[in-house]
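Participant: So that we are looking at the same thing, I have put the structure below in structure tokens.
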Amino acid sequence: MIDEGQYLLEIKNFGVEYDCADPPVRAVDDINIKLAKNETLGIIGESGCGKSSFAMGIMGLLNQANVEGEVIYKGQNLNRLPEKEMRKYRWKEIALVFQNSLEVLNPVLTIGEQIGEPIKTHYHNSSAEIDVKVIELMKKVGLDPKWRQAYPHQLSGGMRQRVLVAMALSCNPELLIVDEPTTALDVISKNEILRMLQMLQKELGFTMVIISHDLGVIKKLTNRVMAMYCGRIIEKGLTSEVLRNPLHCYTRGLLNSSPNLFKYKDLWGIDGEPSSGISTNGCAFYPRCCQHEESCSHEKPSLEYVALEHMVACHKGGIETFLKAVNIRKTYKLKEMEIVAVKDVSMEIKSGEIVALVGESGSGKSTLAQVLAGVWKPDKGEAFFKKKKLEGHWETKMMGGMQIVFQDPFSATSQRMKVLDVVKEPLDIIKWGSRDDRDEAGIKALRAVQLPTASEFLDRYCHALSGGQRQRLAIARALVTRPKLLIADEVTSMLDPSTQANLLRKLKGLQNRQGFAMLYITHDLHLARKVADKVYVMYQGEIVEHGVSGDIFKNPEHIYTRQLMKESFRDMI
Amino acid sequence: MKHNRIMKLFEYGLTIWIIITLNFLLPRLLPGDPFLLLSSDNAENEEIVMTQEQRDYYESYYGLDKSMGEQYVTYIGQLIHGDLGYSIYYKVPVSQIILGRLGWTAFMVVSALAVSTGIGVLLGSVSAWYREKWPDKLLFFQMILLSEIPVFLIGLMILFVFSAWLRIFPLSGAMTPFEDYTSWWDQLSDILNHAFLPIMVLSISQMGGIYLLVRNSMTTVLQKDYLRTAKAKGLSQKRVIFHHALRNALLPVVTRIFLSLGALVGGAILVENVFAYPGLGRLMRECIQVHDYQVVQGIFLVVTIFVLLANFLADTVYKLLDPRVNDSGKV
């Protein structure tokens, strides 16, 4: 670790409050950062989360706001420094690449003058020297020096971005704050700008803070990242780690909304809108969080370590773990032979996660599912639902617990029972609500899986239903208790593509809005690639590979996984 | 580009033609004719009533007996030769009378323009910088008040206070009559002494408009992103305000200054009459009273040409100041 004095920038209890509004709007709240030389830090978050206010606040550029806390740059507290003293730090020590817009450059001054004028102010060089320096800077950012006679309106967006970078580098700052460097740029200019920033940072060795809502930019340019929400840091860690394995529902929501993360996955934005910045008592993300509980609204969560170099501000310690299985082993005895169906399998399913369990038939997937659901007792190992050991089916005998949908709908639903009775059976067992409540919940569940709800249908016996209908009925029965975790064993195999798509979208919706989780067992890798967040690959009773779906599908490591994918993705239409 | 320029030229030509035509028509629509008051230096005491024969003679002498169409053609023909006609009342060429008076009006208008612009820009900037604080509130109130009082009323009040009551400045005229100046300096100070009050009144009447415009424009500019950029670069406050802000804030002001020339000339007519200042405004009043068509036409024409010239200058100067207007996109 670097010791205290060596940080280039240390920010303590930093806050920004716009007191011109009534009630005052708190744009940034209680931020603490330590930034060592040469480091690159990314700040991510939705628009209006306080990213830009934070950057402007560091530079003392907020006129109408109250800036609190300490901004210690090389041992000097910049906050509350008189304007005149502050001017010496601006640009010479800390420079900003402003968010690109036509208005960010003065329309009546030439590009050359605007790039060169800080040099004149800070170093008092002669015009000829400044001109040489301007030409050098423009070459460095890949602009033809002849453009220095041009006015801002004559440049394209990409060129303007380069001018902004050149301008920021004019006084060789030690700290460069870059605000949304690639918004509104086409892909080619965007990549060029990113490469250029990377190269310049290597060459000039400045410390960099990058503010962006584009996670691709953050991934490319930064080592460390922090996610901001309503002015507070809610997650912070190494970029590679946070982007692969976010521990806060908000950060995961940002990732799920990013199209450039994994091309096969759907886009899901975060529901609801951010609170207006008026300070609340509890967790600011509480109203939009998919795992919120009433207790979250009492106190602000503090930023705590949950893993090495990974901090999260959440009352539940980040995204909850729903299911945890440790070293599960299951053997079948076949006369003299002993078949190990599940061999020391460990698994973890978090709130709001769809985990696909893939593998060929007979690899032990269904056995594992049945052990997890408590149908079989494992020979060894144990499983936990929400940190409580699974035994005696407590987890299925409750609302919001865990449910399983078996592979074969014909044996899963009794053909001598009526449709409605099958659907509401779990509710009848736990005696939930009144009879009418249960009927209503049952009908709702049927509707959710696109089954008819006319009384004629409700009174039909199950043997009169088709395979697809029986399968949907089984799913409806599982969903009627509004489970948090669903173990779904090949549940869509008998459905036509349209019903399958509708059902999966419904489940994805539940996942993103309410933190519903699912263990999705399938041998259809197309589907798995589309819906899963994490993937476990099972082969001969063992988990041979597991991880984030994007990683596994892009770069499968195990030879079996590779072969499986090769076979599966051969039949693209 | 070239096409544009031709269009522009055509526009100016058309404007001039319309104005010349109006110029020709308007005095002739006045009731009465120039010969009612001819030959009497003071219309009230010594009125000479001409006989019908005399009037016919004069009318044919000045070509006023011809049809309007013929008169119009003659008028245009004269103008093309640069001939503004011959004053019926003063009996000298119109151009000579106008040239003699033009200097005084031009001097007053240009000075008032400079003074009102200078003060307006300064106060407007101060107001914008301290927006919603007491200097702004005070200035705003004062300027609104001043700009709402009609110019002749300000003129009269100032005349009463400074000339009649305090006797600091002369009551009327542009120079002390029959004065022998010992040096050019004496002459200049006498001229300035006479011009001070009229210029002040005219300036005050224009200042409010400029002030409000600068205040508005500056306030907008001060909130622009590029000002935050300038500030972030650590530039001195002076440079931020004068180099970055004012240059942008003055753009609309430049147009306004040139366009306000018309209003200034209008104001000058009133002010000249209040202070008995021997400019074009006073000449115009005199000539309208005696129906001296030729001189009135001449004055209108000269004023028109000046205002158009000002418009043209406004366009040109704006192009020099704002690079965005020259949109050829070349470097």
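Participant: Kindly identify residues of the stretch A:107-133 having a loss of at least 40 Å² in accessible area between the isolated chain and the assembly of all protein chains, probe radius 1.4 Å.
Facilitator: When all protein chains are present, A:Pro107, A:Val108, A:Leu109, A:Glu117, A:Thr121 each give up 40 Å² or more of accessible surface.
Participant: Using a 1.4 Å probe on the protein chains only, how many percent of the accessible area of the protein assembly as shown belongs to carbon and sulfur?
Facilitator: Looking at the protein assembly as shown in its full context, I get 57 percent from C and S.
Participant: Apply the Karplus curve 6.51 cos²θ - 1.76 cosθ + 1.60, θ = phi - 60°, to the phi angles in the stretch A:20-35 and return the couplings in whole Hz, x for Gly and Pro.
Facilitator: After applying 6.51 cos²θ - 1.76 cosθ + 1.60, I find 6, 8, 10, x, x, 9, 9, 7, 9, 9, 6, 9, 10, 9, 10, 10 Hz.
Participant: Using a cut-off of 12 Å between beta-carbons, work out the net charge of the residues near B:Gly124 (Lys and Arg +1, Asp and Glu -1, B:Gly124 not included).
Facilitator: +2
Participant: Next up: To the nearest 10 degrees, how steep is helix A:157-169 against the longest Cα principal axis of chain A, on a 0 to 90 scale?
Facilitator: Orientation of helix A:157-169: about 60 degrees from the principal axis.
Participant: Let me ask something else. For labels at B:Ala114 and A:Lys389 in the simple 7 Å Cα→Cβ model, what's the distance in nm?
Facilitator: In this crude label model, B:Ala114 to A:Lys389 measures out at 10.0 nm.
Participant: According to the square roots a ≥ b ≥ c of the eigenvalues of the Cα gyration tensor, what is the shape class of the protein assembly as shown, taking rounded for a/c under 1.5, prolate for a/b larger than b/c otherwise, and oblate for the remainder?
Facilitator: prolate
Participant: Can I ask one more? Using the Karplus curve 6.51 cos²θ - 1.76 cosθ + 1.60 with θ = phi - 60°, work out ³J(HN,Hα) for each residue of the stretch A:381-394 in order, rounded to whole Hz, and write x for Gly and Pro.
Facilitator: x, 9, 10, 10, 10, 6, 6, 10, 4, 8, 7, x, 6, 4
Participant: Roughly how crowded by other chains is peptide B:221-231, in terms of the mean Cβ count from those chains within 10 Å of each of its Cβ atoms?
Facilitator: Average neighbour count from other chains, rounded to a whole number: 6.
Participant: Is chain B best put as rounded, prolate or oblate by its Cα gyration tensor, with a ≥ b ≥ c the root eigenvalues, rounded for a/c under 1.5, and otherwise prolate when a/b is larger than b/c, oblate when not?
Facilitator: Note, shape of chain B comes out oblate.
Participant: Using protein heavy atoms only (no ligands, DNA or RNA), what is the total accessible area buried between B and A, 1.4 Å probe, nearest 100 Å²?
Facilitator: Buried surface at the B/A interface: approximately 2600 Å².
Participant: Next question. Of A:Lys335/A:Lys380; A:Lys300/A:Lys484; A:Lys92/A:Lys316; A:Lys324/A:Lys431; A:Lys51/A:Lys506, which pairs sit farther than 32 Å apart, going by alpha carbon to alpha carbon?
Facilitator: A:Lys92/A:Lys316; A:Lys51/A:Lys506
Participant: Where does the charge balance sit around A:Ala412 when Lys and Arg score +1, Asp and Glu -1, over other residues with C-beta under 11 Å from its C-beta?
Facilitator: 0
Participant: Going Cα to Cα from A:Lys397, which aspartates and glutamates come in below 13 Å? Please leave out same-chain ones fewer than 8 positions away.
Facilitator: Correct list for A:Lys397: A:Glu425, A:Asp428.
Participant: Which value at 222 nm does chain B reach when only helices count, each DSSP H run of 4 or more adding -39,500 (n - 2.57), with the total divided by all residues and rounded to the nearest 500 deg cm²/dmol?
Facilitator: The helix-only estimate for chain B comes to -23500 deg cm²/dmol at 222 nm.
Participant: Could I ask something else about it? Quick one: which residues, 5 or more positions from A:Ala227 or on another chain, have an amide H under 5 Å from its amide H? H modelled 1.01 Å from N in the peptide plane, none for Pro or chain starts.
Facilitator: The answer is A:Ile44, A:Ile234, A:Glu235, A:Lys236.
Participant: Then there's this: List the residues of the stretch B:233-261 that lose 10 Å² or more of accessible area once all protein chains are present, compared with their chain alone (1.4 Å probe, heavy atoms only, no ligands or nucleic acids).
Facilitator: Hits at the 10 Å² cut-off: B:Lys233, B:Gly234, B:Leu235, B:Ser236, B:Gln237, B:Arg239, B:His243, B:His244, B:Arg247, B:Asn248.
Participant: From the Cα gyration tensor of the stretch A:357-465, with a ≥ b ≥ c the square roots of its eigenvalues, which class applies: rounded if a/c is under 1.5, or else prolate if a/b is larger than b/c, or else oblate?
Facilitator: oblate
Participant: Consider just the alpha-carbon atoms of the stretch B:258-326 and return their Rg together with their Dmax, both in angstrom.
Facilitator: Cα-based Rg and Dmax for the stretch B:258-326 come out at 15.5, 51 Å.
Participant: To test your reading of the geometry: what angle, between 0 and 90 degrees and rounded to tens, separates the Cα axis of helix B:134-148 from the longest principal axis of chain B?
Facilitator: Here the helix axis deviates by roughly 10 degrees.
Participant: Which value in deg cm²/dmol, rounded to the nearest 500, describes the helix-derived mean residue ellipticity at 222 nm for chain A, given -39,500 (n - 2.57) per DSSP H run of n ≥ 4 and division by the residue count?
Facilitator: -10000 deg cm²/dmol
Participant: Let me ask something else. Just give me a number: lysine pairs in chain B, eight or more positions apart or cross-chain, with C-alpha atoms less than 25 Å apart.
Facilitator: 14
Participant: Here is a further query. Mind pulling the angle between the C-alpha long axis of helix A:497-514 and the longest principal axis of chain A? Nearest 10 degrees, somewhere in 0 to 90.
Facilitator: For helix A:497-514, the angle is close to 60 degrees.
Participant: Return the long-range amide H neighbours of A:Ile354 (sequence gap of 5 or more, or a different chain), with a cut-off of under 5 Å between placed amide H atoms.
Facilitator: Hits under the 5 Å cutoff: A:Met518, A:Asp533, A:Lys534.
Participant: Please give the average number of partner chain Cβ atoms lying within 10 Å of the Cβ of each residue in A:95-103, rounded to a whole number.
Facilitator: Mean partner shielding for this stretch: 3.
Participant: In the protein assembly as shown, what percentage of the DSSP-assigned beta bridges are antiparallel, given to the nearest 5?
Facilitator: Bridges in the protein assembly as shown that DSSP calls antiparallel: roughly 60 percent.
Participant: Test of understanding: what is the full-extension gain from A:Asp437 to A:Asp379, defined as 0.36 nm times their sequence separation minus their Cα-Cα distance?
Facilitator: 16.9 nm
Participant: Please give the direction-averaged projected area of the C-alpha convex hull for the stretch A:179-256, in square nanometres with one decimal.
Facilitator: Mean projected area for the stretch A:179-256: 5.5 nm², to one decimal.
Participant: Using a cut-off of 12 Å between beta-carbons, work out the net charge of the residues near A:Ser455 (Lys and Arg +1, Asp and Glu -1, A:Ser455 not included).
Facilitator: Here the count lands on -1.
Participant: ³J(HN,Hα) across the stretch A:314-320 via Karplus (A = 6.51, B = -1.76, C = 1.60, θ = phi - 60°), whole Hz, x for Gly/Pro?
Facilitator: So the J values, rounded to whole Hz, are 7, 5, 9, x, x, 4, 5.
Participant: Report the relative contact order of the stretch A:427-532, percent, no decimals, based on alpha-carbon pairs under 8 angstrom and at least 6 residues apart.
Facilitator: Relative contact order of the stretch A:427-532: 25 percent.
Participant: Still on this model: Counting heavy atoms of the protein chains only and a 1.4 Å probe, report the per residue accessible area for the stretch A:410-496 as a whole number of Å².
Facilitator: For the stretch A:410-496, the per-residue accessible area is 46 Å².
Participant: Which residues' amide hydrogens lie under 5 Å from the amide hydrogen of A:Tyr539, considering only partners 5 or more residues apart or on another chain, with H built in the peptide plane?
Facilitator: The list, which skips near neighbours in sequence, is A:Val544.
Participant: Tell me, what is the FRET efficiency for A:Gln64 and A:His153 to the nearest 0.05, using R0 = 30 angstrom and their Cβ-Cβ distance as r?
Facilitator: 0.55
Participant: Keeping all protein chains in place, calculate the accessible area per residue for chain B (probe 1.4 angstrom), answer in Å².
Facilitator: So chain B comes to 56 Å² accessible per residue, rounded to a whole number.
The values are calculated or read from the model by the stated rules, or taken from the named source; none is laboratory data. Remember, it's a predicted structure, so these values are computed and weren't measured experimentally. Note: ideal-geometry Cβ built from the backbone for every residue, glycine included; neighbour counts use all protein chains shown. Calculation scope for accessible area: heavy atoms of the full protein, side chains included, ligands and nucleic acids excluded. Shrake-Rupley method; radii C 1.70, N 1.55, O 1.52, S 1.80 Å.
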